[in-house]
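Below is one structure, written out as structure tokens; comments come after it.
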Amino acid sequence: MRYTLPLISLLFVACSSSEDTPTPQPAPTSSSLYVINQGSFYDGIDGSISAINVETGEVVADAFMAKNGVSLGGSPQAGVTYDNMLYVPVQESNRVWALNTEDLSIAGTITSNVPTAVSATSAHLFVANNDGFLSVYNRKDLSLAKHIAVGPNPCNMTISDGELFISISDGYNYPTYENGFRLARLSLTDLTLGNEIAVGMNPGQVLTATDGSLFLVCRGDYAATVSMVYKVDPRTGTSTYICDGSFIALQGEKLLVINAVTDWTTYETVNTYTAYDTHTGDVIRTDILNAPLPAMPIAIQCAPNGDIFVTSQLSLYDYTSPGILYHYDSEGQFEAQYSVGTSPCGIVAP
């Protein structure tokens, strides 16, 4: 069976006739997946990209290095694929790589100030920088089109109905995060900012559902205020609490939620895996994954056929060992696991 995966944590919905609206990409014929690994900057471990063939089980631990002979860099973040290109922001190296999805060969680079997230349309590449700015590049030649102040520590992006939504975390302003609590929004037609949407504390991962609504993880303060998942209506600018949760993915009309709860007196973490109805917010099923389960999940994503992929550290609080990619079928039955790079944070299809 062949699997094709969209980007972990960045899903696009085409709802406008604008030239700058993202369109569905043709399904690749390859069975390979690319896993983007953050490495451990403070332990001197650079990031990498692991290539996995889910049919044969073959893994190339650092396919980017093998192809290009250079390091991916320090602390890469989850990338995005568009039109046979893979764009990977590398935070500590102040760089965004533009790679050919077929073989990870380098097609171009962008120098950017601590890039944390990327998003793409037919016309533009959007780079959210940790310095509070959104850089907009012409995707054809990677020339800078616009540099826009959006708010401190933008974290993640998604597109819905002709607009780009950027989660503004103010994540370095612990413990209040007082300048966050919002989603910035940018018109793809004229690249101007619209009215912001008020959301919970420390917003991060944001996804677009099939009906154009958004699902957002607000991570709280990692202590008294827990991480929560909200449904956001971009048309009315309102948000509704769905559940406590740390990482999310969409499986058709289901929202899959991993909730990681840590007891800070014992430093033990308990992970739960629950499916919710994207329309009503009701619980569809608990304990959606069967053993073996990830020790310390980092991200979750679903293939178009419903199969579920979860990345994890090797064990709790192990930030230096190779990580693991877990593969489950659409009903949560375990299929396989693969050893990948340190701190695997994203999955993309070539």
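The values are calculated or read from the model by the stated rules, or taken from the named source; none is laboratory data. This structure is a prediction, so every number in the text was calculated from the model and none was measured. In this analysis, Cβ positions are derived from the backbone assuming ideal geometry, glycine residues included, and neighbour counts consider all displayed protein chains. Protein only, heavy atoms only, side chains kept; ligands, DNA and RNA dropped before computing areas. Shrake-Rupley method; radii C 1.70, N 1.55, O 1.52, S 1.80 Å.
What is the one condition in (1) assigned to a loop (DSSP other than H, G, I, E, B); (2) within 18 Å of the chain's Cα centre (by Cα) that HIS327 does not satisfy?
(1)
Could you check how many residues of the stretch 180-215 are over 19 Å from PRO152 (Cβ atoms) and in contact (Cβ under 8 Å) with a residue 40 or more places away in the chain?
Of the residues in that region, 12 qualify.
How about the stretch 71-112: which strands (runs of 3 or more DSSP E) wholly inside it have at least 3 residues that are touching a strand residue (DSSP E or B) at 6+ places or on another chain (Cβ under 9 Å) and open to solvent by 40 Å² or more (accessible area, probe 1.4 Å)?
106-111
Which numbered condition in (1) in contact with a Pro (Cβ under 6 Å, 6 or more places away or on another chain); (2) under 17 Å from GLN38 (Cα atoms); (3) not basic (Lys, Arg) is the only one that ILE258 fails?
Among (1) in contact with a Pro (Cβ under 6 Å, 6 or more places away or on another chain); (2) under 17 Å from GLN38 (Cα atoms); (3) not basic (Lys, Arg), the lone unmet condition for ILE258 is (2).
Could you count how many residues in the stretch 229-266 are farther than 19 Å from ASP211 by Cα and not polar (S, T, N, Q)?
Here the count works out to 9.
Can we say SER187 is at pLDDT 95 or above, in contact with a Pro (Cβ under 6 Å, 6 or more places away or on another chain) and either over 23 Å from GLY220 (Cα atoms) or open to solvent by less than 20 Å² (accessible area, probe 1.4 Å) (or both)?
So SER187 fails the test.
Can you tell me which of ALA249, ALA303, ALA260, ALA275 is among the aliphatic types (A, V, I, L, M), open to solvent by less than 50 Å² (accessible area, probe 1.4 Å) and touching a Ser or Thr at 6+ places or on another chain (Cβ under 6 Å)?
Within the list ALA249, ALA303, ALA260, ALA275, the selection yields ALA260.
Would you check which residues across the stretch 194-212 are among the polar types (S, T, N, Q) and open to solvent by 10 Å² or more (accessible area, probe 1.4 Å) and list them?
Residues satisfying the conditions are ASN195, GLN205, THR210.
Give the residue that is farthest from ALA249 (Cα to Cα), with candidates limited to residues of the stretch 149-168 that are over 14 Å from the mean Cα position of the chain (by Cα) and open to solvent by 20 Å² or more (accessible area, probe 1.4 Å).
So the residue we want is ALA149.
Go through (1) in contact with a His (Cβ under 7 Å, 6 or more places away or on another chain); (2) open to solvent by less than 10 Å² (accessible area, probe 1.4 Å) for PRO115 and report which single condition fails.
(1)
List pairs: first in the stretch 326-350 and within 15 Å of GLY306 (Cβ to Cβ), second open to solvent by 20 Å² or more (accessible area, probe 1.4 Å) and of a type in the set (Gly, Ala, Ser), Cβ under 6 Å, 6+ apart or cross-chain?
Sorted first by the residue in the stretch 326-350, then by its partner, the pairs are HIS327/ALA336.
When you look at TYR241, is it on the phi < 0 side of the Ramachandran plot, surrounded by 17 or more Cβ atoms within 10 Å (Cβ to Cβ) and among the aromatic types (Phe, Trp, Tyr), yes or no?
Against the criterion (on the phi < 0 side of the Ramachandran plot, surrounded by 17 or more Cβ atoms within 10 Å (Cβ to Cβ) and among the aromatic types (Phe, Trp, Tyr)), TYR241 does not qualify.
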